[in-house]
Amino acid sequence: METIEKYRRSLKRKNCSPYTVKNYMNRIHQFTRWISMPLDKVTRREIGAYVDRLLRKRQKPKTITCHLQTLHLFFAYLIEEEGIPIANPITRVSIRLPKPLPRCLKDDEADKLFTVIADARDRAMFMMMLRCGLRVEEVARLTVDAIDYRKRQVLVVNGKGSKDRVVYLSEDARAALETYLQKRSSKAKGLFLVRKGPLSGTPISVRGIQKRIEYYARKSGVDVSCHKLRHTFATQLLNADADLATIQDLLGHEHVTTTQRYCRVANLKVQRDYYKAMEAVLRKAQDEPMERSHGWRVVQRTKKNW
């Protein structure tokens, strides 16, 4: 459909990432294949029926919300850019989202996972998530030139929200990268490459990375995902008393409220803070009776002098 293609070009002009454009197009195509009427005839009734369809397909609330947000923006484009005289049918349709806490790996689970990852490329990929807090799509887009070994820094270009940021290499992440690059013979610009099949030598895809972590999850018996490695990075830093603003910057969060969610799962820090504060409370409670007793003795001596 010509209108959809024009919208795709509009997204690219707005500097949306290829990943975002692809997801938007997939959602719009799903909707237009399902709807049996012109787009300018769509109302809230049809949108509600589409939501019901997604629910029957057991789509998660977050996934459905992504569909609705995409379609809302698409209809806004039709109204504002294409001049179609309709009301946006997705002004009030929403799905109540659960707010689960970020889940992270325990130290023994992380050790168990990396024990089974012998492949140099895969070990380096997942170290970048666990030690640098990178998103899976950021790892997929990394280039060889993005790594500064002297400064132990990684430049993340065009991250979420089309923002660049700098993250840092731990000693074990740096060692894993060096081991991988010593074994890699390709001079390709991309850092992590496909090694077999017709796509050999090209950057590994997001789905390719996800399939690898799924393989290692089965092999190790550890419930893990790419995003859980990133959650683990954030929680470990918070437990080590890193400042919340520092963690926000390293994760590339736009709003600190997103980062604050980790405070609710960083139990070690909460535990330390609790006992430290409680010790101060108890010391104060013990000191006050002594001070009152001392004051009473002073009063008694004064009365005798009267």
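The values are calculated or read from the model by the stated rules, or taken from the named source; none is laboratory data. All figures in this text were calculated on a predicted structure; none of them were measured in a lab. For neighbour counting, all protein chains shown are included, and Cβ atoms are generated from backbone atoms with ideal geometry for every residue, glycine included.
Within the range 155-167, is there a residue that is in the same structural domain as Lys112 (by TED's automatic domain parsing) and over 29 Å from Cys16 (Cβ atoms)?
No; the residues of the range 155-167 include none that is in the same structural domain as Lys112 (by TED's automatic domain parsing) and over 29 Å from Cys16 (Cβ atoms).
Give just the number: which of (1) surrounded by 18 or more Cβ atoms within 10 Å (Cβ to Cβ); (2) more than 23 Å from Asn15 (Cα to Cα) does Gly159 not satisfy?
(2)
Find the residue count for the range 157-185, including only residues that are outside any loop (DSSP other than H, G, I, E, B), out of contact with any Gly (no Cβ under 9 Å at 6 or more places or on another chain) and not basic (Lys, Arg).
Counting residues in the range 157-185 that are outside any loop (DSSP other than H, G, I, E, B), out of contact with any Gly (no Cβ under 9 Å at 6 or more places or on another chain) and not basic (Lys, Arg) gives 13.
Only one residue in Ser17, Ser36 is outside the structural domain of Lys163 (by TED's automatic domain parsing) and touching a residue at least 60 places away in the same chain (Cβ under 8 Å), so which one is that?
Ser17 is the lone residue from the list that is outside the structural domain of Lys163 (by TED's automatic domain parsing) and touching a residue at least 60 places away in the same chain (Cβ under 8 Å).
What residue, of Ala146, Ala124, is among the small types (Gly, Ala, Ser), more than 30 Å from Arg218 (Cβ to Cβ) and either modelled with pLDDT of 95 or more or under 24 Å from the mean Cα position of the chain (by Cα) (or both)?
Matching residue, one of Ala146, Ala124: Ala146.
Has the range 236-257 got any residue that is touching a Leu at 6+ places or on another chain (Cβ under 7 Å), touching a residue at least 24 places away in the same chain (Cβ under 8 Å) and assigned to a loop (DSSP other than H, G, I, E, B)?
No, the conditions are met nowhere in the range 236-257.
Return the only residue of Asp111, Asp122 being more than 12 Å from Leu191 (Cβ to Cβ) and touching a residue at least 12 places away in the same chain (Cβ under 8 Å).
Asp122
Can you work out which of the residues in the range 178-207 that are touching a Leu at 6+ places or on another chain (Cβ under 7 Å) and in contact (Cβ under 8 Å) with a residue 24 or more places away in the chain is surrounded by the fewest Cβ atoms within 10 Å (Cβ to Cβ)?
By that ranking, first place goes to Pro203.
Could you identify the single residue in Ile209, Ile247 that is of a type in the set (A, V, I, L, M), touching a helix residue (DSSP H, G or I) at 6+ places or on another chain (Cβ under 9 Å) and over 14 Å from Glu138 (Cβ atoms)?
Going through Ile209, Ile247 in turn, just one is of a type in the set (A, V, I, L, M), touching a helix residue (DSSP H, G or I) at 6+ places or on another chain (Cβ under 9 Å) and over 14 Å from Glu138 (Cβ atoms): Ile247.
Determine whether the range 244-257 contains at least one residue that is modelled with pLDDT of 95 or more and hydroxyl-bearing (Ser, Thr, Tyr).
There is no residue in the range 244-257 that is modelled with pLDDT of 95 or more and hydroxyl-bearing (Ser, Thr, Tyr).
Can you find, within the range 1-19, the residue that is nearest to Leu78 (Cα to Cα) among those that are of a type outside the set (Val, Ile, Thr), in a helix (DSSP H, G or I) and more than 24 Å from the chain's Cα centre (by Cα)?
Here the residue is Tyr7.
Give the residues of the range 20-45 that are crowded, with 16+ Cβ neighbours inside 10 Å and in a helix (DSSP H, G or I), sorted by residue number.
Across the range 20-45, the qualifying residues are Thr20, Val21, Tyr24, Met25, Arg27, Ile28, Gln30, Phe31, Leu39.
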